[in-house]
Amino acid sequence: MLRFGGEHQWRPWRASLAELLDEGGNQLDQVVVTFFAAPHSYTAEDVVEIACHGSPVVLRHCVARALEAGARLAEPGEFTLRAYLNGRIDLPQAEAVADLISATTLHQARVAARQMTGGVSQAIAPLKAQLVEWIALLEAGIDFAEDDVSIATSEEICERLRPILTGLAKLIDSFGLGRLVHDGLTLAIVGRPNVGKSSLFNALLRQERAIVTEIPGTTRDTVSESFSLEGIPVRLVDTAGIRHSGDVVEKLGIERSFQAMADADITIVVLDASQPIESDDLALIERVRAQGLHLIVGNKSDLGRQLGDVVEMLDVCALTGDGLDQLRQRLVALIAPDGFTSPEAGLITSLRHEQLLKESHAALERARDAAGFGMPHEMLLLDGYAALRALDSLTGATTADDILNRIFSTFCIGK
């Protein structure tokens, strides 16, 4: 299958030039072969990589020859699974591999890459270490009371829990932004017919995606397209104009507009700034305010503002682009009021991670409250171990030896 020049020796982390041969011994391609020795490979096993020039025919032949020699096709995710099982990466890092593969923006890729290097585990590790130390403190007071180990007071127990609870709460709070980074958000544009919704839709996308005419009611159905807003994937939805209508088709479009408003994370209400405000505008604004995050935009600002100060809104012109940068900034402020978290910081993007952190936080809150009522340490440990199990599901199991080592190293029992 491979023919090396001269006397070839397998050397770890060295690339060698070789010829890829067919069944008759004829050269098909010149390839680069690299040997990665365990445990310093992706899977922590011995790995040989063959880099062909990329022809699909040659690649298929290379795989076929390997199968004939006794290899088998890898299962989906098998290399990452082997890396996890061999201790090369932890579970959050393995999940980050899938996030990196599915990333659609550079910001998503940066966050996933940070998590692949252990960002989540590094954020949790000090909190878990403090929790293990807290458990060791209680265990020592129970099991080694005869060795003059002082029993922790309720005040000390609560004081040691405080930084752990604060750290867990901070990670849980990061999921709000982390979910948007991971899943993206939906942004709906609504308004009366002919106020410039489709023009604004095209302007935000920077492409002519929706049909724009001066005829009211041109958009009869929702039109959606995706774009990136400061690295956050956004699904932008243009909707049919909302007004009282007897047209059956237009009514269906208006119903879908209301549904798009209900499904959206943020709704942009577009008004015609060059015309006096109408009752339909006010009714729509009230409806949107009751539903959640929204922005009110006065389009056609180049024609002069006739709307007055009835509502607080942002003046834009979809035709000239005036005010669009300010609109994007306002949207970013709605998405992340405290600014975007650096990928270097701990950012929770998985719902599973958030739920486990909440489970751990809730258990420690129960322990704190019970300590305040003077509950026995044995009861507090039930909640302590429940909190630890939740963190173990994220970063790996804590063994009994870990607890004992912490006890003996901290309290010097039996030296």
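The values are calculated or read from the model by the stated rules, or taken from the named source; none is laboratory data. Just so we're clear, the structure is a prediction, and the values are computed from it rather than from any experiment. Positions of Cβ are generated from backbone atoms using ideal geometry, with glycine treated the same way; all protein chains shown enter the neighbour counts.
Selection of the range 259-288 for residues being under 24 Å from LEU319 (Cα atoms) and among the hydroxyl-bearing types (Ser, Thr, Tyr) yields THR267, SER274. Comparison of LEU380, LEU364 shows that the only residue that is at pLDDT 95 or above, closer than 22 Å to GLU155 by Cβ and not hydroxyl-bearing (Ser, Thr, Tyr) is LEU364.
Exactly one residue among ARG162, ARG110 is of a type in the set (Lys, Arg) and surrounded by fewer than 14 Cβ atoms within 10 Å (Cβ to Cβ), and that residue is ARG162.
Inspect all residues belonging to the range 93-102 and state whether any of them is among the polar types (S, T, N, Q), at pLDDT below 85 and under 14 Å from the mean Cα position of the chain (by Cα). So far as the range 93-102 goes, yes, one or more of its residues are among the polar types (S, T, N, Q), at pLDDT below 85 and under 14 Å from the mean Cα position of the chain (by Cα).
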